[in-house]
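Asks: Structure in structure tokens, see below.
Here, each number is a calculation from the coordinates, and none is a lab measurement. Predicted model, so just to flag it, every value in this text is computed and none were measured. So basically every Cβ, Gly included, is an ideal-geometry build from the backbone, and we count neighbours across all protein chains shown.
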Amino acid sequence: AQSVTQPDIHITVSEGASLELRCNYSYGATPYLFWYVQSPGQGLQLLLKYFSGDTLVQGIKGFEAEFKRSQSSFNLRKPSVHWSDAAEYFCAVAQGGANNLFFGTGTRLTVIP
Amino acid sequence: KAGVTQTPRYLIKTRGQQVTLSCSPISGHRSVSWYQQTPGQGLQFLFEYFSETQRNKGNFPGRFSGRQFSNSRSEMNVSTLELGDSALYLCASSLGTGVGQETQYFGPGTRLLVL
């Protein structure tokens, strides 16, 4: 069965600092991987996705993620965090061709000036 | 292109009542999925509809049901509401079910409070 682990419940970074949010997945075949961001009281916005090919994927808002099959990881990175990045971030996995996403528990990001 | 819309945005019901939530997908999207988000359980998949047929179902009781219309709009219904049904209900749409068409775009959600 698919599962996603986001080991960091809450991360605090200073504005301008780099960011890495961790995501580990459990899935037998090649997974489809996603990162979503959710601001308070809002729905989920897609940041980026990985289906196949280049293991380093670029997303919106300056985010990128790297798929590492050997580590079953899909970590999200940003070189310089902005105050507007404060939100909750969710990693998700899906089976190819299926539309039921399995989400991690989320990482809440706080950005301090 | 307009995004996924959900109505109503907020809802207050009492235990035992039933509720119907509505979702309009992005134009051209034929798949609609529903998720429940609670502080305790996180984001959980409820069900998915494609071409008016339920294609996948999560692990929820039969009180949770849904349907999809020919224009791809979808509704979900929860009968005999319980306090634990208080949650943010999110709808997501995608182009279809083929490989590469699975990217889901989410609506703003309907926040349901059961008293």
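Asks: Which whole-Hz couplings ³J(HN,Hα) result when phi for each residue of segment B:16-24 is put into the Karplus expression 6.51 cos²θ - 1.76 cosθ + 1.60, θ = phi - 60°, listed in order with x for Gly and Pro?
Replies: So the Karplus estimates, Gly and Pro as x, are x, 6, 10, 9, 10, 10, 10, 9, 10 Hz.
Asks: Now for a separate question. What aspartates and glutamates does B:LYS13 reach when the alpha-carbon gap must be under 13 Å and sequence neighbours fewer than 8 apart in one chain are set aside?
Replies: B:GLU82, B:ASP85
Asks: Taking the Cα centre of the protein assembly as shown as origin and charging only Cβ (+1 Lys, Arg; -1 Asp, Glu), how large is the dipole, in debye to the nearest 20? Don't skip to the answer; put the middle values down first.
Replies: Details: 19 positive and 14 negative charges, 87 e Å.
I would put it at about 420 debye.
Asks: Quick check: net charge around A:THR110, other residues with Cβ under 14 Å of its Cβ, Lys/Arg +1 and Asp/Glu -1? Please report the intermediate quantities before stating the final value.
Replies: Values: positive: A:ARG108; negative: A:ASP8, A:GLU15, A:ASP85, A:GLU88.
Here the count lands on -3.
Asks: Please compute the net charge surrounding B:LEU90, taking Lys and Arg as +1 and Asp and Glu as -1 over other residues with Cβ under 15 Å from its Cβ. Kindly include the intermediate steps, with their values, before the conclusion.
Replies: Values: positive: B:ARG9, B:ARG111; negative: A:GLU88, B:GLU48, B:GLU75, B:ASP85.
Within the 15 Å Cβ shell, the charges total -2.
Asks: Quick one: dipole size for segment B:41-103, taken about the Cα centre, charges +1 on Lys/Arg Cβ and -1 on Asp/Glu Cβ, in debye to the nearest 20.
Replies: Details: 5 positive and 6 negative charges, 21 e Å.
Value, rounded to 20: 100 debye.
Asks: Quickly work out the B:ARG9-to-A:THR5 label distance, labels modelled 7 Å from Cα along the C-beta direction, and quote it in nm with one decimal.
Replies: Here the answer is 3.9 nm between the modelled labels.
Asks: Still on this structure, please answer the following. Around A:ILE11, under 13 Å between beta carbons, what's the net of Lys plus Arg minus Asp minus Glu among the other residues?
Replies: Numbers: positive: A:ARG22, A:ARG77, A:LYS78, A:ARG108; negative: A:ASP8, A:GLU20, A:ASP85, A:GLU88.
With Lys, Arg at +1 and Asp, Glu at -1, the net is 0.
Asks: Here is a follow-up. With labels modelled as points extended 7 Å from the Cα through the Cβ direction, what inter-label distance (nm, one decimal) is found for A:SER84 paired with A:ALA29?
Replies: Going by the 7 Å Cα→Cβ label model, 3.9 nm.
Asks: Taking each residue in B:55-62, count the Cβ atoms of any other chain within 10 Å of its Cβ, then average. What number comes out?
Replies: Partner-chain Cβ atoms within 10 Å, mean over residues of B:55-62: 1.
Asks: While we're here: How high is the relative contact order of chain B, in percent, with contacts defined as C-alpha pairs under 8 Å that are six or more residues apart? Could you put the intermediate results ahead of the total?
Replies: On the way: 297 pairs, mean separation 40.9, N = 115.
Result for chain B is 36 percent.
Asks: Additional query: Can you give the average number of partner chain beta-carbon atoms within 10 Å of each beta-carbon in peptide A:32-45, as a whole number?
Replies: Values: counts 4, 0, 3, 0, 5, 0, 6, 0, 0, 5, 5, 14, 11, 3.
Taking the mean over all residues of the peptide, I get 4.
Asks: Something else: Lysines near A:LYS78 by alpha-carbon distance under 20 Å, same-chain residues fewer than 8 away left out - which ones?
Replies: A:LYS49, A:LYS61, A:LYS68
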